[in-house]
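Since every read-out is calculated from the coordinates, none of them should be taken as a lab result. Note that the coordinates shown come from a computational prediction; the quantities given were computed from them, not determined experimentally. Note that we place each Cβ from the backbone using ideal geometry, even for glycine, and neighbour counts take in every protein chain shown.
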Amino acid sequence: MRISTRAGALAACAAAASLVLTACGGGDVAKGGASELDIATLTAAQSLDPADAIGGALPYFQAVYDTLLKRDPDGTFKPMLATGWTYDKSRTRLALTLREGVEFSDGTAFDGQAVKANLEHFRKGGGGAAKNLAALKSVTVQDATHVTLQLSAPDPAMFFYLSDAAGLMASPAKLADGSLKTTPVGTGPYTLDKARTAIGDKYVFARKGGYWGDELPYKTLTISVFDNETAVVNGLKTGQIDSAVLQDANQQVAVESDKNLTRTEYAFDFQGLLLFDRGGALTPALRKPQVRQALNYALDRTTMLDKLRRGRGEATDQIFGTETKAYDKSLDTFYAHDPAKAKQLLAEAGYAKGFTLKLPRITAIVNDALAASVQTDLKAVGIKVVWEQLDASSAVQKIYKDRAYSAMVMNIGQSSIDWVTIQDLVTPGTFNLFGSTDATVKKLLPKVRAGGAGADGAARALNEHLVEDGWFVPFYRSTFLVVSSKDVKVQTQSGMGVPSIYNYTPAAS
């Protein structure tokens, strides 16, 4: 998630912003015993090159590529293509032992050179998650089954990244020619059935014979792309879709009475206003902490949650998820809805008459009700919100390349790992477009990064500072709903907004 002038990187960054909104899922056996699994999603994979992998699109990649480490549903790391790993005392040298006898689907051997080539390809590829390997200085190959990753500094999230997009392994013979975008070549449990696949509409994967690992229960995996959750719900009710994740509260209600469907609630993301321009380059008012605090006091989060999401979630004023060390429950209610306090702070900052805040609006992210709610609450304290409607193509250019906006309403996943949240939202990158920082952040980040006895306390102090200083304007954590037929058992996945493809099994098994 780094800033880049390359169009490919910008597109991937836009995908990072939008993928957290998608409804994805999977799992049913209605169409052929345990032979077929049809997962519904609102997100088409624009590329199947691992360098472009990110967020809610990971199931596409997991089908054909294995990762170095495997992340279980509860977040535990297990061996996959790497069978062992050890850090040195400085936690800047990570030694990996690799699995022997594995081949890519084109016959190329998986070995140390393949790992080196893939990690370098991901880091330099310009994808939306490339920043995740920013700490990787070099990869040394000792032999076919041993490599060492040299880091510029400790990275507390490295195991997570190697079990996620950065750890996906493709045939090194295909990394440079661009063919992986449409013809993936990996070591994974499936291969892409191109004859039955319609890019952007439906992706069909056939179970690979002779797969080195445990065979997955479904012979065919299909990921079907929809353009709205209403259609997904209809597909679930008629049995055309095996499973999906529903984010829209109204669609969640629509499936509650269907006895043929099973449902599991979970929380993954928060929705809120990300303030990019804390230095005041575009909107000078945002330079003042009092103004950012006023934005937080102005919003009636409880009413927003009740009216916009039927109460399905929890109001919050912090960006860190409940599983992190930084999380502090008291910070969920740090800012009461207090328009008078907001006006007082604006006056102290020299903006008694308010100011204008221009925000981008992508309908898939900001619907009419949300747009009206934010506009009304901020208008009540003197802040005029001007929404600028964007389509998908113009959003990439204007938000990420032109940096035309001071803030944006977004949904952002909340990892269980503090450093993942910090990398995504605090350090310069996709969601800190202007690279803003301050003395407190500079002091605390190295302590969190180094790990050890003081890391947890530093993470909590960082969270408290970000909330008090108004770095962000979160609204609420949303409740998601995994829905599937009664024939399928689905587990939610730590660190992902959608279940991993390994998390689907026939309910009778």
Worksheet item: Which whole-Hz couplings ³J(HN,Hα) result when phi for each residue of the stretch 457-464 is put into the Karplus expression 6.51 cos²θ - 1.76 cosθ + 1.60, θ = phi - 60°, listed in order with x for Gly and Pro?
Response: x, 5, 5, 5, 5, 5, 4, 4
Worksheet item: Separation of the stretch 63-142 and the stretch 202-249 by C-alpha centroid, Å?
Response: 27 Å
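Over all distinct Cα pairs, what is the inverse of the mean 1/r for the chain, reported as the Kirkwood hydrodynamic radius in Å? Please report the intermediate quantities before stating the final value.
Values: mean 1/r = 0.0426 Å⁻¹.
Evaluated over the chain, this radius sits at 23.5 Å.
Below 8 Å, C-alpha to C-alpha, sequence gap of six or more: please give me the relative contact order for the stretch 268-479 in percent.
40 percent
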Item to complete: Figure the gain on full extension for K486 and T440 (residue separation times 0.36 nm, minus the Cα-Cα span) and round it to one decimal in nm.
Response: 11.5 nm
Item to complete: May I have the convex hull volume per residue, in Å³, for the Cα set of the stretch 38-95?
Response: 126 Å³
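Within the P(r) computed for the stretch 368-435, what percentage of the Cα pairs occupies the region above 21 Å?
On the way: 950 of 2278 pairs.
Result: 42 percent of Cα pairs exceed 21 Å.
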Worksheet item: Whose amide H sits under 5 Å from the amide H of K208, counting only residues 5 or more places off or on another chain, with H placed in the peptide plane?
Response: Y190, T191
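Work out, step by step, the length gained on full extension between D106 and A198: first 0.36 nm times the residue separation, then minus their alpha carbon distance; give nm to one decimal. Before the final figure, lay out each step's value.
On the way: separation 92, 0.36 × 92 = 33.12 nm, distance 2.22 nm.
Additional length available on full extension: 30.9 nm.
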Item to complete: Would you mind counting up the charge near G178? Only other residues with Cβ under 13 Å from its Cβ, with Lys and Arg at +1 and Asp and Glu at -1.
Response: -1
Discussion item. Take S393 and S90, extend 7 Å from each Cα along the Cα→Cβ direction, and tell me the distance between the two endpoints in nm.
Written reply: 5.0 nm
Discussion item. Suppose R0 equals 35 Å. What FRET efficiency, 1/(1 + (r/R0)^6) with r the Cβ-Cβ distance, do R310 and S152 give to the nearest 0.05?
Written reply: 0.15
Worksheet item: What are the residues whose amide H is under 5 Å from the amide H of T83, where those residues sit 5 or more places off or on another chain and H is modelled from the backbone?
Response: T97, L98, R99
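Quick one: net charge of S138's neighbours, Cβ under 12 Å, K/R +1, D/E -1? Write out the running numbers ahead of the final one.
On the way: positive: R93, K116, R123, K137; negative: E120.
Here the charged neighbours net out to +3.
Taking the stretch 32-153 on its own, what percent of its Cα-Cα pair distances exceed 19 Å? Intermediate results must be reported in sequence, preceding the final value.
On the way: 4137 of 7381 pairs.
When every Cα pair of the stretch 32-153 is considered, 56 percent fall beyond 19 Å.
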Worksheet item: Once both labels are modelled 7 Å past Cα along the beta-carbon direction, what's the A281-Q344 spacing in nm?
Response: 3.4 nm
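What ratio of Cα Rg to 2.2 N^0.38 Å holds for the stretch 67-120? Don't skip to the end; give the middle numbers.
On the way: Rg = 12.6 Å, N = 54, 2.2 N^0.38 = 10.0 Å.
Cα Rg divided by the expected 2.2 N^0.38 Å: 1.26.
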Practice prompt. Using the Karplus curve 6.51 cos²θ - 1.76 cosθ + 1.60 with θ = phi - 60°, work out ³J(HN,Hα) for each residue of the stretch 398-413 in order, rounded to whole Hz, and write x for Gly and Pro.
Written response: 6, 7, 9, 9, 6, 6, 8, 10, 7, 6, 7, 7, 8, 9, 10, x
Fill in: Counting all C-alpha pairs of the stretch 349-491, share separated by more than 23 Å (%)
51 percent
Worksheet entry | Table column - 3J(HN,Hα) (Hz), the stretch 392-397, Karplus curve with 6.51, -1.76, 1.60, x for Gly and Pro | 4, 6, 6, 5, 4, 5
Worksheet item: Once label points are set 7 Å from the Cα along Cα→Cβ at both E323 and T363, what is their separation, rounded to one decimal in nm?
Response: 3.5 nm
Worksheet item: Which net charge results when you count Lys and Arg as +1 and Asp and Glu as -1 among the other residues whose beta-carbon is under 15 Å from that of A109?
Response: -3
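A 30 angstrom limit on the alpha carbon distance is what I want to check against. Which of K131/K398; K78/K174; K124/K401; K341/K401; K237/K325; K208/K486 exceed it? Mind dumping the intermediate values first?
Numbers: K131/K398 21 Å; K78/K174 27 Å; K124/K401 18 Å; K341/K401 36 Å; K237/K325 40 Å; K208/K486 27 Å.
With Cα atoms farther than 30 Å apart: K341/K401; K237/K325.
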Discussion item. For the stretch 108-230, take the convex hull of the Cα atoms, compute a quarter of its surface area, and give me that in nm², please.
Written reply: 9.9 nm²
Worksheet, complete the sentence: Taking a ≥ b ≥ c as the square roots of the Cα gyration tensor eigenvalues, with a/c under 1.5 meaning rounded and otherwise prolate when a/b beats b/c or oblate if not, the stretch 410-453 comes out oblate
Discussion item. For a Förster distance of 25 Å, can you work out the FRET efficiency between the beta-carbons of S330 and T302, rounded to the nearest 0.05?
Written reply: 0.95
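At 0.36 nm per residue, and after removing the present C-alpha to C-alpha distance, how many nm does the segment from D143 to D227 gain when stretched out fully?
Stretched fully, the D143-D227 segment lengthens by 25.5 nm.
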Discussion item. Below 8 Å between Cα atoms, with a sequence gap of 6+, how large is the relative contact order for the chain in percent?
Written reply: 23 percent
Practice prompt. Convert 25 °C to kelvin, take the viscosity as 0.890 mPa s, use the Kirkwood radius over C-alpha pairs of the stretch 116-156 as Rh, and evaluate the Stokes-Einstein diffusion coefficient in µm²/s, rounded to a whole number.
Written response: 226 µm²/s
Practice prompt. Take the alpha carbon atoms of the stretch 343-398, find their center, do the same for the stretch 293-326, and report the distance between the two centers in whole angstrom.
Written response: 17 Å
Worksheet item: In debye to the nearest 20, how big a dipole does the chain give about its Cα centre with +1 on each Lys and Arg Cβ and -1 on each Asp and Glu Cβ?
Response: 1140 debye
Response to the item:
Under 5 Å from the placed amide H of F268, counting only residues 5+ away or on other chains, we find S478, F480
Item to complete: Could you state the angle between the C-alpha long axis of helix 368-379 and the longest principal axis of the C-alpha atoms of the chain, as a value from 0 to 90 degrees rounded to the nearest 10?
Response: 30 degrees
